[in-house]
Amino acid sequence: MSYEFILVYREVAPYVAMIQLNRPKELNALNLQLMGEIRDALLDLDADDSIRAIVITGNDRAFAAGADIKQMAGKTAIDMLKIDQFTTWDTIRKTKKPLIAAVSGFALGGGCELVMHCDMIVASETAQFGQPEINIGVMPGAGGTQRLTKAVGKALAMEMVLTGRFISAEEAKAAGLINKVVPVELYLEEAVKMASACANKSPIAIQLAKESVLKSFDSHLQEGLYFERKNFYLLFATEDQKEGMAAFVEKRAADFKGK
């Protein structure tokens, strides 16, 4: 298959494939086409018996620095509802094979949420994780308020979501968000090693074990995601959302009015 915004490597190690986000000038900002390509590639790899584990990565500077704000800035709540971008995220979440995120640099907003869709996470020492949507008048909409809270607990999740603070790789590991922190030159290699450790096991056992762990994690997640998405859409009816995203695009400070 041919893609514009991702690169797919089918055998970076025996039974291991890799998807690399490839919008370097935009710090791998997640536009609708990029997310669709990730979805399609995962569906293809999930159906391929020669692949047993999948690494998702960006580049040394950024895994993904967030959603593509320019695509959303002028949208209304009804526009966002009709686009229904989260159906793509739901498909990604249903990937049966292990997903290992290899993260360096920024993993922010949608980038952090995509990382949390993965089963294990290896980060370089330069990695930074955050949900800074509050700075542009909105909130996380692809699971950020739900998965982050379950991963790191209420206090840190509240701080990250309500203040927009980034956390370092070491803080993320201490909080339980990620598995491992390694030097920049090793993060991709370590992620492939982790994927290989899964790929060497029984594929059926791996699939069922992953489903079982996620069942524990997701028991009450769907209700929370539904609630989060309705609130996310509602924010596109506010003047603050228009101001926040316009300020981001225009590279100026936002002037929020609470309207």
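Bear in mind that the values in this text are calculations on the coordinates, not laboratory data. Remember, predicted model here, so these are calculated numbers, not experimental data. Here Cβ is always computed from backbone atoms with ideal geometry, including for glycine, and neighbour counts include all displayed protein chains.
Compute the Cα gyration tensor for region 167-259, then decide on rounded, prolate or oblate, letting a ≥ b ≥ c be the square roots of its eigenvalues: rounded whenever a/c is under 1.5, prolate when a/b is larger than b/c in the other cases, and oblate in all that remain.
Oblate, since a/c reaches 1.5 and b/c is not below a/b.
Can you tell me the dipole magnitude for region 53-93 around its Cα centre, using point charges on the Cβ only (Lys, Arg +1; Asp, Glu -1), in Debye to the nearest 20?
60
Under 13 Å from the Cβ of A41, count the other residues' Cβ atoms, weight Lys and Arg +1, Asp and Glu -1, and hand me the total.
Around A41, the surrounding residues sum to -3.
Please sort 13-20, 123-130 by packing, taking for each peptide the average over its residues of neighbouring beta carbons within 10 angstrom, highest first.
Result, highest mean first: 123-130, 13-20.
Dipole size in debye (nearest 20) for the chain around its Cα centre, Lys and Arg Cβ +1, Asp and Glu Cβ -1?
That gives a dipole near 380 debye.
Can you divide the C-alpha Rg of region 16-104 by 2.2 N^0.38 Å and report the result to two decimal places?
1.16
Using C-alpha positions alone, give me the convex hull volume of region 90-204 per residue in cubic angstrom.
Taking only Cα atoms, region 90-204 has a hull volume of 92 Å³ per residue.
Count the net charge of all other residues whose Cβ sits under 10 Å from the Cβ of V152, scoring Lys and Arg as +1 and Asp and Glu as -1.
Value of the local net charge: +1.
Return the Cα extents of region 42-148 along principal axes one, two and three, sorted largest first, each rounded to a whole Å.
Over region 42-148, Cα extents along the principal axes are 43, 34, 23 Å.
Classify region 45-88 from the C-alpha gyration tensor, please: rounded if a/c falls under 1.5, else prolate or oblate depending on whether a/b exceeds b/c.
oblate
So what's the Cα pair-distance distribution over region 123-172, bin width 10 Å, in %?
With 10 Å bins starting at 0, P(r) equals 28, 56, 16.
Could you sort out which of K173/K257; K180/K215; K82/K242; K97/K173; K173/K251; K180/K230 sit more than 27 Å apart by Cα distance in this structure?
K173/K257; K173/K251; K180/K230
Only Cα pairs under 8 Å and at least 6 apart count here; give the relative contact order of region 1-115 as a rounded whole percent.
31
Within the set of other residues whose C-beta is less than 15 Å from the C-beta of N22, count the net charge using Lys and Arg as +1 and Asp and Glu as -1.
My count for the surroundings of N22 gives -3.
In percent, how large is the relative contact order of region 93-214, given Cα pairs closer than 8 Å and 6 or more residues apart?
That works out to 32 percent.
Work the Kirkwood hydrodynamic radius out for region 94-140: mean of 1/r over every pair of different alpha-carbon atoms, inverted, in Å.
For region 94-140, the Kirkwood estimate is 11.4 Å.
Could you state the angle between the C-alpha long axis of helix 187-199 and the longest principal axis of the C-alpha atoms of the chain, as a value from 0 to 90 degrees rounded to the nearest 10?
Around 60 degrees separate the two axes.
Along each of its three principal axes, how wide is the spread of alpha-carbon positions in the chain, in whole angstrom units, largest first?
So the three principal-axis extents are 55, 37, 36 Å.
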